[in-house]
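To start, the structure itself, in structure tokens.
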Amino acid sequence: MTATTDGSSGALPPRAPSTTEPPAPVREPAGPPDIRAAAERAADRAVRNLLDRQDADGWWKGDLETNVTMDAEDLLLRQFLGIRDERTTEAAARFIRSQQRADGPWATFHQGPGELSATVEAYVALRLAGDAPDAPHMAAASAWVRENGGIAAARVFTRIWLALFGWWKWDDLPELPPELIYLPTWFPLNIYAFGCWARQTIVPLTVVSAKRPVRPAPFPLDELHTNPALPNPPRPKAPATSWDGFFQRLDRALHAYHKAPVRPLRRTALRSCARWIVERQESDGCWGGIQPPAVYSIIALHLLGYDLQHPVLRAGLASLDRFAVWREDGSRMIEACQSPIWDTCLATIALADAGLPADHPALVKAADWMLGEQVVRRGDWSVRRPRLSPGGWAFEFHNDTYPDTDDTAEVVLALHRLRHPDPARVDSAVRRAVQWNLGMQSKNGAWGAFDVDNTSPLPNRLPFCDFGEVIDPPSADVTAHVVEMLAADGRAHDPRTRRAIAWLLAEQEPNGSWFGRWGTNYVYGTGSVVPALTAAGVPASHPAIRHAVAWLENVQNDDGGWGEDQRSYRDPQWAGRGASTASQTGWALLALLAAGERDGEAVTRGISWLAETQRADGTWDEPYFTGTGFPWDFSINYHLYRQVFPLTALGRFLHGEPALPIDPQGA
């Protein structure tokens, strides 16, 4: 039995304790009367709660909780720009302190192991806030950092932040030249070979790498080095014939070029990077609706001469304030991103499936808001699909550059459930969205989230790219949502849909589950794929469906719920293992219900768990992180997941699967 990074034994966790409407589907009574009554009460409470949360403009948005690096980097940015104030600093510090583990470090998800880079950044932020290094909580943190390799073992991004203040040498960081922006799209490692989130971060960081700024450090950080006299011990070189060895030697060459660049080319490249960044600033001042690219874009433009009163930077800084969630205790949490479109379409589906009338004012208002958010201009996706007309939806409030296939699929599924007073408007939006999603299909028949065929393994090899997933290959969960959308649009027998179904069937894990790229993890993947396959006409008797059902029944917790820990991304033995959560129980139930198991014992126990654990206000408590930004490296707690997915499952248990249109190609 091996030890884990958090000092535990590494053993598996124990089970958690015990415009013609289609005809209305025939709805048989679901489950025993007592279970049915409990489900009805729980659904009614959840519907009322969700309706009360809707914004006057029609949208829903829950908090998007990640980890304290967001809060630490926000303070570091303000320190770098000279705009850090006492109120913001103390509020951020209060939140950071509240997230520290008892043994000293910070984790990146609830009850997770200590994580080195997060701990270094949190520690530095608290030093900025005035916490003394010999205070007990600080001494425990610095001791843990030293025991785990010190600053030298932290990720590149963390060391870049430290280099901005002279706490780390720029020469000891991977080089990232701005000339990268000139690499053609057919050339390996061009900026469009990276996933959109990495691309938006890398371009501004090429400017930072070229400028290598240093602001005076307000204090030393010797206590975070294993050996302050030798803070960055030499690392062994990989063989020249390996990819790692090749990129190590390429990095040395780029460092040499930094000392003697072609000056006119460097100046032109920096101007091109600035233009690329400014062109992608959204109407709300942010970049892609994501906090990290916004932070680095502000730094890059400031280094290129944009003062803080420049309209671009003024808007950018104002956008960062909108990522702040002020809590009742006076603390301040920074969201990495905001998810109104995703939350709104999922809430709409949940309410419709729970029996809310299709023309209910709340649903019509949500539809109006979603229709107004459809992206009708080209973004970076058009680099690989230049002739494809726009029509997708993004994740955030303002993000016309990076719509994604996943949000687009779920918005269409939501719109298909509604009866809007202007059906022609809805039909037009759906038609554009379906065509855009079909045009974003990768050559293997599946879908990535933001780009087509974004699958080159080379970006992950760069010494710079140690901060999580940097490419956007097709995934089972996204592909499943698109397939479900196509089935709802009457395209279950379209050849492109059938290719995607074949891909999904081939991607099934030996244990019967599917990997979840954007949700944790195999429970999410399975809860996405099974409803899509059955909606597209795969019979519940199909071996793949029966295998998935058997897996879900096998991993159901003794208390009747389902849960899965983030550790399953590193250790498949954790697949389907973890404390029961409302969202993951909802995912499992959606799969089982789609597979025809409504009267089965597993469904009855799962519905009972949801009814028994619901709070009096109609919500569920869920401190666990069940969302995924980067598998293992960046985990998310979507605060609305605990509401929308249980309600969707309760609704489908009570009312059956949503009706689908007749496939014009015949079933």
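Read-outs: derived from the displayed coordinates by stated rules, not from any lab. Owing to the predicted nature of the structure, the values given are computational and were not obtained by experimental measurement. Cβ coordinates were reconstructed from backbone atoms using ideal geometry, including for glycine residues, and neighbour counts include every protein chain displayed.
Listed values, structure above:
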item: The stretch 494-550: translational diffusion in µm²/s, Stokes-Einstein, Kirkwood Rh over Cα pairs, 37 °C, 0.692 mPa s; result: 290 µm²/s
item: Those lysines that a straight Cα-Cα span of less than 30 Å connects to K365, excepting residues fewer than 8 apart in one chain; result: K61
item: When the stretch 590-632 is reduced to its Cα atoms, the Kirkwood hydrodynamic radius in Å; result: 12.6 Å
item: Anisotropy class of the stretch 22-177 from Cα gyration tensor, a/c 1.5 cut; result: prolate
item: Net charge of Cβ neighbours under 12 Å - reference G82; Lys, Arg +1; Asp, Glu -1; result: +1
item: CD proxy at 222 nm, helix term only [per DSSP H run n ≥ 4: -39500 (n - 2.57); per residue of the chain; nearest 500]; result: -14500 deg cm²/dmol
item: Long-range tail of P(r) for the stretch 363-407 (Cα pairs > 12 Å, %); result: 59 percent
item: Rg over Rh, two decimals, the stretch 392-521 (C-alpha only, Kirkwood Rh); result: 1.00
item: Dimensionless Rg ratio for the stretch 345-466, taking C-alpha atoms and the 2.2 N^0.38 Å reference; result: 1.19
item: Amide proton proximity set for G629, modelled H, under 5 Å, gap of 5+; result: F634, S635, I636
item: Where N is the number of residues in the stretch 453-554, Cα Rg divided by 2.2 N^0.38 Å; result: 1.18
item: Links that overshoot a 31 Å alpha carbon limit, given the list K211/K237; K237/K259; K169/K237; result: none
item: Alpha carbon centroid spacing (whole Å) that separates the stretch 315-332 from the stretch 480-521; result: 38 Å
item: log10 of Debye I(q)/I(0), alpha-carbon scatterers only, for the stretch 517-662 at 0.16 Å⁻¹; result: -0.79
item: Low-density loop positions, trypsin sites (Lys or Arg not before Pro), the stretch 549-580 - DSSP coil, at most 14 other Cβ in 10 Å; result: R570
item: From the coordinates shown, mean projected area of the Cα convex hull in nm² corresponds to which of (1) 37.8; (2) 39.7; (3) 29.4; result: (3)
item: Normalised contact order of the stretch 524-597, rounded percent, pairs of Cα under 8 Å and 6 or more residues apart; result: 42 percent
